[in-house]
Each structure stands twice: as C-alpha cells, then as structure tokens.
Amino acid sequence: MATVATIKVGDKLPDGSLSYFDAEGALQSVTIESLTKGKKVVLFAVPGAFTPTCSQKHLPGFIAKADELRAKGVDTIACVSVNDPFVMRAWGESVNAAGKVLLLADGSGVYTAALGASLDLSDKGLGVRSRRYALLADDGVVSVLNLEEGGAFTNSSAEDILKAL
C-alpha cells in the first residue's frame, strides 16, 4: 500500500530546524524558512547517509549536476537525512560535497515527520528514516515534488529535477 505524504505541490514547506557543520567546522542550525525565503531551493532526502543507493547514486548525482542546477536558477541544493550532524559531515567529506550540496541533519526525524515523509525501516535495523524524495521550492512553496516509494530510486534524481526546471 502506498504511503501518502502530508506535503504536496502548492504547499508552503513547514518550518523546522535542521543542523549542519559550516566551512569553519562550527555546528549550525538553520530554519527551513531562512533557507528558502526568496530563493529557489532543491531539497532532497535520503533514507540514510553511507547507504548504497544514497552514496552511489542519489547524492553524487546532485553533486555532479550542481552547476547545471545553479545555471537554471537554483540558489541552494540541500540533502536531508535522519542522521546526526556528525555523520552528515563525515558523509559530505567522503563524497566532496562542500560548495555543491548542503548536508542537513534531521537527527530525530522531526522535520521529516512534519513533511509526512517518514519511513519505518525498523525491520532492517535502521529505525524511522525519511522516504527518498526531491522537491523544488520557490520562496518556500513546493513547485515540484518527486516522492519515492520504499527504497526506490526512480524519479528523485538530479536529472529529474533538471527536467522539471
């Protein structure tokens, strides 16, 4: 049975706080409102840092296409995962994401739940994570939403977002 997400095209993104390490190594917090206000933002989520599809395809695709996305007017490209900021920093360093994709930690899954994108992977020992998705928000309003079922990776790639721009 398909899971229905709370968020949909035309909705304003719910506000919430996510964490990341800045270029100087200081732990920061950012609100979705401040991240998206007056900007075109690609927000994509993965079930987990360092997991196979996320590390081999999803995140690397956005890193590789970052310049093309920016050329089409995207101000910020951010990846959300229900992981702690230390894991997200290590993952970003391992794939050279700096300057291309902002890696945001939703440590307790609170923001993911607010979107209605939670995915219970307890049967795989991973707990509650995020469904894989990619969305485009203009000034905080969702204009494109590509939400995957389960662990699928069929419509949330950087190429899918580029086609929608």
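Which value at 222 nm does the chain reach when only helices count, each DSSP H run of 4 or more adding -39,500 (n - 2.57), with the total divided by all residues and rounded to the nearest 500 deg cm²/dmol?
Per the formula, -6000 deg cm²/dmol.
Given the chain, what percent of its DSSP beta bridges are antiparallel, to the nearest 5?
The antiparallel proportion sits near 70 percent.
So what is the relative contact order for the stretch 69-125, in percent, with contacts set as C-alpha pairs under 8 Å and at least six apart?
For the stretch 69-125, the relative contact order is 37 percent.
Per 10 Å bin, what is the whole-percent P(r) computed from every C-alpha pair distance within the stretch 52-148?
All Cα pairs considered, the percentages come to 14, 47, 34, 4, 0.
Hey, what's the stretch 64-140 come to in accessible area per residue, 1.4 Å probe, Å²?
About 42 Å² of surface per residue is accessible.
More than 18 Å apart: what percent of Cα pairs in the chain qualify?
On the way: 7381 of 13530 pairs.
Tail of the P(r) past 18 Å holds 55 percent of the pairs.
Take the solvent-accessible surface of the protein heavy atoms, probe 1.4 Å, and return the percent of it on the chain that carbon and sulfur atoms account for.
That share works out to 53 percent.
The values are calculated or read from the model by the stated rules, or taken from the named source; none is laboratory data. If you're wondering where the values come from, they're calculated on a predicted model, not measured in any experiment. Heads up: the accessible areas ignore ligands, DNA and RNA and are worked out on the full protein's heavy atoms, side chains in. Shrake-Rupley method; radii C 1.70, N 1.55, O 1.52, S 1.80 Å.
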